[in-house]
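Notes follow once the structure below has been shown.
The values are calculated or read from the model by the stated rules, or taken from the named source; none is laboratory data. All values reported here derive from a predicted model rather than from experimental measurement. Please note: Cβ atoms are built from the backbone with ideal geometry, for glycine as well, and neighbour counts cover all protein chains shown. All accessible areas refer to the heavy atoms of the entire protein, side chains included, with ligands and DNA or RNA removed. Shrake-Rupley method; radii C 1.70, N 1.55, O 1.52, S 1.80 Å.
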Amino acid sequence: MPRSLVFGIPNHISIIIAIVVVVLAMTIWCLTFVSRAAWVHSALRTTASSGWLPAAILAVFATIVLAAYGTPIPQTATFGAYVTFGIALPGMLWLRLLRGRSAHLSEDLALGLAVGYCIEIATYIAARAVGIPLLFLVWPIATLAAFAGVPALRRHWRGSGTRFPMWWSWSLAVMLGYLLIYSAGTFFVSHRVSGTDTPYVDMPYHLALISELLHHMPPQIPYVSGVPLAYHWFFYAEAAATSWATGIEPVTLLYRLSGLPMFVAFVALTATAAQRLTGRSWTGPIAVAVALFGTVANPYRWVGSPVFDTQTLALTWISPTNLFGLALFAAILLAFIDLLQADANLPRRYWLVIALLISGCAGAKASLLPLLIGGLTVVIAGVAVARHRLHRTAVVGLTIAVPAFALAAVV
């Protein structure tokens with residue numbers, strides 16, 4: 001198949017993408033500059049600033065790119081429906097219940113997705129252990145039914161109505177669109193779902209672990225019978241659960257689909273955490289750019305990097321545990337910023353969210369928890385020196401994070 005000069009995307013798909021972009025641009029131009037109806041301008045501005053329009057464009061673009069690299073559109077739609085109604089929405093509803101309030105919809109959905117991942121893994125582990133793997137689907141179904149049927153819970157379907165500036169949603173959508181193109185040009189093109197002769201050396205191992213979690217609990221090392229799997233395996237449990245729920249093959253999840261919502265969660269949560277920490281909206285996209293593209297200085301081209309593999313973007317697809325861990329870690333940071341702010345006034349049950357996310361991160365990528373432990377230690381020391389008191393919130397967080405890290409290290 002002939003390829004274009006841009007990121008290895010087939011020529012006919014490049015033409016389709018260009019046509020979609022041109023049509024959307026012309027539509028927006030016509031609505032903005034040609035029509036004189038005031039309600040059209042108002043409706044357009046409301047739609048553009050709500051975040052739904054860039055999200056819809058990004059979803060269409062992702063579907064086209066995935067189709068170009070061997071992912072059937074029905075599988076993409078099935079995966080999107082499961083992530084939305086089986087993980088993100090139930091997780092968001094529980095988050096709002098435990099948090100006691102709603103926030104911006106993108107924040108609630110991204111943080112709810114992280115919470116949903118943790119609950120999905122916990123319920124799948126139990127269901128797989130008793131030999132009824134699809135039993136884990138009871139939790140999203142029961143959650144949606146309860147929050148729709150119980151009058152006291154229905155209010156959690158309503159958002160806060162808060163809005164970020166129009167450029168916020170569009171800038172994050174552009175970054176995610178770039179991540180998709182980057183993924184296509186660097187990973188999709190060399191890892192076909194129909195079979196790859198020379199995959200990255202770790203990919204068969206990742207695929208074997210997903211298959212192991214599909215059929216066994218507790219998991220064992222696939223190539224050494226009877227030896228327990230001592231590794232970060234929560235990503236593989238999540239992929240196995242998704243495979244059971246959707247019928248999508250593990251290779252398609254590993255090579256194409258599972259990482260995409262994790263990218264979205266990482267970008268949205270990192271941007272929101274930066275905005276919440278600084279009180280400035282413009283810091284959000286900058287924080288995402290630094291997190292994805294930043295790396296250590298390497299002034300001498302004839303020697304290796306002083307720190308191995310420091311750029312996040314270069315590791316995302318070949319290390320799915322790293323991407324999953326980063327998404328959950330970003331959720332932990334945002335949750336702690338909530339608690340550490342003086343005017344947060346959150347209920348004590350919100351600590352259940354913290355404990356759930358830390359436990360999930362410990363099983364997804366425990367090597368990230370020392371960063372949290374170090375940060376909380378700095379908060380405790382700084383407040384003790386500057387204000388001569390003990391920061392109780394940071395101490396409680398430390399008492400959760402340290403045992404979780406120790407348990408992950410031992411197990």
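With label points built 7 Å along Cα→Cβ from the Cα atoms of VAL201 and ILE373, find their separation and express it in nm.
About 2.9 nm separates the two model spin labels.
Probe radius 1.4 Å, ligands and nucleic acids left out: which of ILE141, ILE125, ILE132 has the largest accessible area, and how do the rest follow?
ILE141, ILE132, ILE125
By its C-alpha gyration tensor, with a ≥ b ≥ c as the square roots of the eigenvalues, how is the range 130-190 shaped: rounded for a/c under 1.5, else prolate for a/b larger than b/c, else oblate?
oblate
Quick one: if you stick a label point 7 Å off each Cα along the C-beta vector at ALA81 and GLN220, how many nm between them?
The answer from the label model is 3.7 nm.
Evaluate the distance, in nm, between pseudo-label points positioned 7 Å from the Cα of ALA145 and of PHE293 along their respective Cα→Cβ axes.
4.9 nm
Under the rule a/c < 1.5 gives rounded, and otherwise a/b versus b/c splits prolate from oblate, where does the range 85-231 land using the Cα gyration tensor?
It is oblate, given that a/c is not under 1.5 and a/b is not larger than b/c.
With a 1.4 Å probe and all protein chains in place, put TRP168, TRP244, TRP52 in order of accessible area, largest first.
Largest accessible area first, the residues go TRP52, TRP244, TRP168.
How much length is gained on full extension from VAL395 to ARG192, taking 0.36 nm per residue of separation minus their Cα-Cα distance?
Residue separation times 0.36 nm, minus the Cα-Cα distance, leaves 68.3 nm.
Can you pull the accessible area of THR399 for me, 1.4 Å probe, Å² to the nearest 10?
80 Å²
Among 246-256, 401-411, 327-337, 63-73, what's the highest-first ranking by average C-beta atoms within 10 angstrom per residue?
Most protected by this proxy first, the peptides run 327-337, 246-256, 63-73, 401-411.
Starting from the residue with the highest accessible area, list MET166, MET203, MET175 in decreasing order, probe 1.4 Å.
These residues rank, largest area first, as MET166, MET175, MET203.
What shape does the range 65-123 take by its C-alpha gyration tensor, where a ≥ b ≥ c are the square roots of the eigenvalues and a/c under 1.5 counts as rounded, a/b above b/c as prolate, and the rest as oblate?
The shape class here is prolate.
Give the separation of the Cα centroids, the range 217-294 to the range 346-368, in Å.
Centre-to-centre (Cα) distance: 15 Å.
State the percentage of accessible surface on the range 69-211 attributable to carbon and sulfur atoms; use a 1.4 Å probe and exclude ligands, DNA and RNA.
71 percent
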